[in-house]
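**Student:** Below is one structure. I have some questions about it.
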Amino acid sequence: MENCHTVKHLTRPLSVSGVSLFVYYLRQVNWLDVYSLDVNINIKFKKFTDLFLWALNSAVPFKILKLKTTRSCISWYHEGLAKLKSELDRLYFVFQNTNDIDVKSKYRSLKAIYKSEIKKAKISYNNNLINRSKNKSKTAWGIINKTARVNSRPVHKSHVFTPDTFNEYFVTSVEETCKNISNSVNDHFYYLDKSRNMETTNCNFSFKDFQVEETYATILSLSNSTCFDVFGINAPVLKTAAEHICEVLTYLFNECINNGTFPDILKISKVIPVHKKGPLDKQCNYRPISIVPAVSKILERLVHKRIVEYLESNKLFSDCQFGFRSKRSTIKAVQALVGACFDGLEQKDFLNFRSYDLSKAFDTVDHGILVSKLKFYGFNQLAIEFFNSYLVNRHQCVYLNGSYSESKPVNFGVPQGSILGPTLFILYVNDLPGNINDKALQMTWSFWLVLVQP
């Protein structure tokens, strides 16, 4: 059997009785306490969160699970394999004590069968994972990467990281990267004007109030992720409560957009360190996976729908932008790339292909530059105040082995794991293609930039 260690995990099991009790407590909540507060949106949202968590914690309190990382926890390791392993161990014990040649022969034959069955079990399990997945490519690469890390050197006891040391590293590494970014020869206004190939003077974005029906539908449309945010709330919890909270949330969301304020309580991200490559005892080999507050995703999705409709209908996105856009994808970007290469070859051009992977692209977005670009694309003052509020005064804490770190401020970038982050990022780089030689074909998606120059 493999060596094992215990991992602590905070969970909130939503049993049938727990859900019923949660709904019962929600019905007892007097949301008028939220409406009647003649204070700023931060206090109102804090009141809503306190009332919601009172109902949730009363009905479905947190539990600490202690998980042992043994072979029995491996999903593909079934009872049949366990029986084969038990028989294999028995034959080995008999042979060691008797030196019987027949027993040795049986042991070798069974060992070959055992290895073959393990291989079949892994293949069957992985095939089922991929076939059930909505994103088959992502799942397949996840399996490959996980398999490739099997032989990584384990963490020595002296190198075990705490949540606070991880949080310190994640925050300071971004700050150091931002410090090392060289200043441009010209300011960003120069490049915006140079890339002006769309008419923005007649475009104007302003928020329209959300409707209760919109909020309700948005809650139900959330993906069924079971990951809990820093408050212990996830999408299934919100869907259970949708009927009872959609009206008060609509009121609060409209207060946000009408006052140009994004609530501070929705700007605290939970970060989980996930090993991506290399030795386990080096912090640089871990990727921070951020989980924004679940309620934040409702507001962000409502806002996202409004701004994307505005940007697409006014054709404000660069035609070279393939990432994070409806009806566009990396596949279409590759098709455009291959098509451009064939066109160049037919014209007997010499093609120069360059691909750039921008490190920490989301994390290093300059808030001041982004906000000024929103103004350039026609966002009115109240909308700009809302997005500025969304970006500033954000915090994060790291969750590791059942414990949280102290929260630390995040002063750069757009929020990872958010709904609005990707769209804000592509607006941030939207003028880039217009500042590259017009003889070159440029395609951007996520934080990749591809150039094909004849």
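**Student:** Take the conditions in a loop (DSSP other than H, G, I, E, B) and either at pLDDT below 80 or of a type in the set (Lys, Arg) (or both) and apply them to LEU14. Does it pass?
**Tutor:** When the stated conditions are applied, LEU14 passes them.
**Student:** With respect to SER137, determine if the residue is assigned to a helix (DSSP H, G or I) and modelled with pLDDT of 90 or more.
**Tutor:** no
**Student:** Right, CYS256: farther than 24 Å from LEU391 by Cα and either more than 23 Å from the chain's Cα centre (by Cα) or assigned by TED's automatic domain parsing to the domain that holds ASP33 (or both) or not?
**Tutor:** no
**Student:** For segment 301-320, indicate whether the set of residues that are among the aromatic types (Phe, Trp, Tyr), assigned to a loop (DSSP other than H, G, I, E, B) and either in contact with a strand residue (DSSP E or B) (Cβ under 8 Å, 6 or more places away or on another chain) or at pLDDT below 90 (or both) is non-empty.
**Tutor:** yes
**Student:** List pairs: first in segment 23-34 and within 13 Å of ALA241 (Cα to Cα), second surrounded by fewer than 17 Cβ atoms within 10 Å (Cβ to Cβ), Cβ under 7 Å, 6+ apart or cross-chain?
**Tutor:** Close Cβ pairs (under 7 Å, with a partner that is surrounded by fewer than 17 Cβ atoms within 10 Å (Cβ to Cβ)) amount to TYR25/SER58.
**Student:** Kindly check whether there is at least one residue in segment 266-281 that is among the hydrophobic types (A, V, I, L, M, F, W, C) and closer than 18 Å to GLN211 by Cβ.
**Tutor:** no
**Student:** Which one of these is at pLDDT 85 or above, touching a helix residue (DSSP H, G or I) at 6+ places or on another chain (Cβ under 6 Å) and outside the structural domain of SER225 (by TED's automatic domain parsing): LYS120, LYS104?
**Tutor:** Exactly one of LYS120, LYS104 is at pLDDT 85 or above, touching a helix residue (DSSP H, G or I) at 6+ places or on another chain (Cβ under 6 Å) and outside the structural domain of SER225 (by TED's automatic domain parsing), namely LYS104.
**Student:** Do we find that SER109 is over 30 Å from ASN259 (Cα atoms), loosely packed, with under 12 Cβ neighbours inside 10 Å and at pLDDT 85 or above in this structure?
**Tutor:** Yes, satisfied.
**Student:** Taking only segment 224-239 into account, find how many residues are part of a helix (DSSP H, G or I) and either buried (at least 19 other Cβ atoms within 10 Å of the Cβ) or not assigned by TED's automatic domain parsing to the domain that holds VAL292 (or both).
**Tutor:** Looking only at that region, the number is 3.
**Student:** From the list ASN234, ASN224, ASN204, which residue is on the phi < 0 side of the Ramachandran plot and more than 17 Å from the chain's Cα centre (by Cα)?
**Tutor:** So the residue among ASN234, ASN224, ASN204 that is on the phi < 0 side of the Ramachandran plot and more than 17 Å from the chain's Cα centre (by Cα) is ASN204.
**Student:** Within segment 292-305, identify whether any single residue is in the same structural domain as ASN430 (by TED's automatic domain parsing) and surrounded by fewer than 17 Cβ atoms within 10 Å (Cβ to Cβ), and answer yes or no.
**Tutor:** Looking through segment 292-305, at least one residue is in the same structural domain as ASN430 (by TED's automatic domain parsing) and surrounded by fewer than 17 Cβ atoms within 10 Å (Cβ to Cβ).
**Student:** A further question on this structure: Among the candidates SER359, SER355, single out the residue that is in contact (Cβ under 8 Å) with a residue 24 or more places away in the chain, in a strand (DSSP E or B) and over 21 Å from ASN393 (Cβ atoms).
**Tutor:** Matching residue, one of SER359, SER355: SER355.
**Student:** Here's a follow-up. Tally the residues that are modelled with pLDDT of 85 or more and either surrounded by 13 or more Cβ atoms within 10 Å (Cβ to Cβ) or assigned to a helix (DSSP H, G or I) (or both), restricting the search to segment 43-79.
**Tutor:** 18
The values are calculated or read from the model by the stated rules, or taken from the named source; none is laboratory data. Since this is a predicted model, take the numbers as computed values, not measurements. Because the Cβ atoms are built from the backbone with ideal geometry, glycine has one as well, and the counts that use them run over all protein chains shown.
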